[in-house]
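For reference, the structure is listed below as structure tokens.
The values are calculated or read from the model by the stated rules, or taken from the named source; none is laboratory data. All values derive from a computational prediction rather than experimental measurement. In this analysis, Cβ positions are derived from the backbone assuming ideal geometry, glycine residues included, and neighbour counts consider all displayed protein chains.
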Amino acid sequence: MKQIPLEVCHYDDNLRIIARFLLRCNDPKIFAIIEAIVDTGSPITIIGPRDVKRIRFSPLQRERLEGRNKPINIGGSQMFTKILNNAKLKFGELEIEMPVDVPIKGEEKAIQPRLLGVDFMLKTKAKLFFDPTNKKAHFEIEE
Amino acid sequence: MDQELELLHKFEKDSEWFHKNINKLRNEGFTNKFVAVKESKPIAFGKSIDLVIKEIEAKNQNPSYIFIEFVHPKGKIIIL
């Protein structure tokens, strides 16, 4: 059994579960650290507009990705995304290859959060343990 | 490998510092601004993420490894 430790903290005054991981991809070349909110209400994992800018993911590079063609509603805003199919998410020694949504439109304000969704839990068969009272959380993954 | 873990560890420390000191940042005039944190102190800030990234690059730092967050006004509730 592997455990991925998570942080429980007041993220903008709202108690959240936070995951931090390395995001890498060979084509397009990406290597960055991402901090995401663990969101069991989100079916997808999505990086935020400010990450797109931090990693210099150009509009041309994003246009080449596979399209979703449907808007995504997140935190009261609407975004259009494309899918980075061969993204690798690394948590300590554990590395998972899975699709990650990347915003292509609607990111002008760049304040939307990044989310680690249920797709990650399905891909890794992870169980989420969350104790908000004691501010503890982790994923448990069977080997 | 060790270098990757070190980058992640430094990022975590800066994130923890940000979340613990968000009220201090608000009191110091960072509300509604993006703030970049390195080694537990703000190294760049501004209303636009693009300007913050430019400032980070001007300091010869790679924004991909730098913690950047938006300082929302106190009490804002965001339902995902």
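Taking the criterion of being among the aromatic types (Phe, Trp, Tyr) and in contact with an Asp or Glu (Cβ under 7 Å, 6 or more places away or on another chain), the only residue of region B:57-75 that qualifies is B:PHE67.
Pairs are defined by a Cβ separation below 8 Å, a sequence spacing of at least 6 or placement on different chains, a first member in region B:14-27 that is over 18 Å from B:GLY75 (Cβ atoms) and in contact (Cβ under 8 Å) with a residue 60 or more places away in the chain, and a second member that is among the hydroxyl-bearing types (Ser, Thr, Tyr) and surrounded by 16 or more Cβ atoms within 10 Å (Cβ to Cβ); no pair meets this definition. Can you name the residue in region B:68-80 that is facing chain A (nearest Cβ under 7 Å) and in a strand (DSSP E or B) and is also modelled with the highest pLDDT among such residues? Taking the candidates together, the pick is B:ILE68. When region B:48-63 is limited to residues that are assigned to a helix (DSSP H, G or I) and charged (D, E, K, R), the one that is surrounded by the most Cβ atoms within 10 Å (Cβ to Cβ) turns out to be B:GLU55. Among the numbered conditions (1) touching a Gly at 6+ places or on another chain (Cβ under 9 Å); (2) buried (at least 21 other Cβ atoms within 10 Å of the Cβ), the only one that A:PHE91 does not meet is (1). Screening the candidates B:PHE45, B:PHE67, B:PHE18, B:PHE11 for the property of being over 30 Å from A:GLU93 (Cβ atoms), buried (at least 18 other Cβ atoms within 10 Å of the Cβ), of a type outside the set (D, E, K, R) and in contact with a strand residue (DSSP E or B) (Cβ under 6 Å, 6 or more places away or on another chain) yields one hit, B:PHE45.
The one condition from (1) modelled with pLDDT of 90 or more; (2) within 12 Å of another protein chain (Cβ to nearest Cβ); (3) within 26 Å of B:ALA44 (Cβ to Cβ); (4) touching a strand residue (DSSP E or B) at 6+ places or on another chain (Cβ under 8 Å) that A:PHE57 does not meet is (1). Counting the residues of region A:1-54 that are small (Gly, Ala, Ser) and more than 8 Å from chain B (Cβ to nearest Cβ) gives 3. Output yes when any residue across region B:15-29 is outside any helix (DSSP H, G or I), under 20 Å from A:HIS10 (Cβ atoms), touching a Pro at 6+ places or on another chain (Cβ under 9 Å) and facing chain A (nearest Cβ under 10 Å), and no when none is. No; the residues of region B:15-29 include none that is outside any helix (DSSP H, G or I), under 20 Å from A:HIS10 (Cβ atoms), touching a Pro at 6+ places or on another chain (Cβ under 9 Å) and facing chain A (nearest Cβ under 10 Å).
Test B:ILE56 against the criterion of being at pLDDT 95 or above and either over 26 Å from A:LEU15 (Cα atoms) or not basic (Lys, Arg) (or both), and give yes or no. Yes; evaluated as a whole, the condition is true for this residue.
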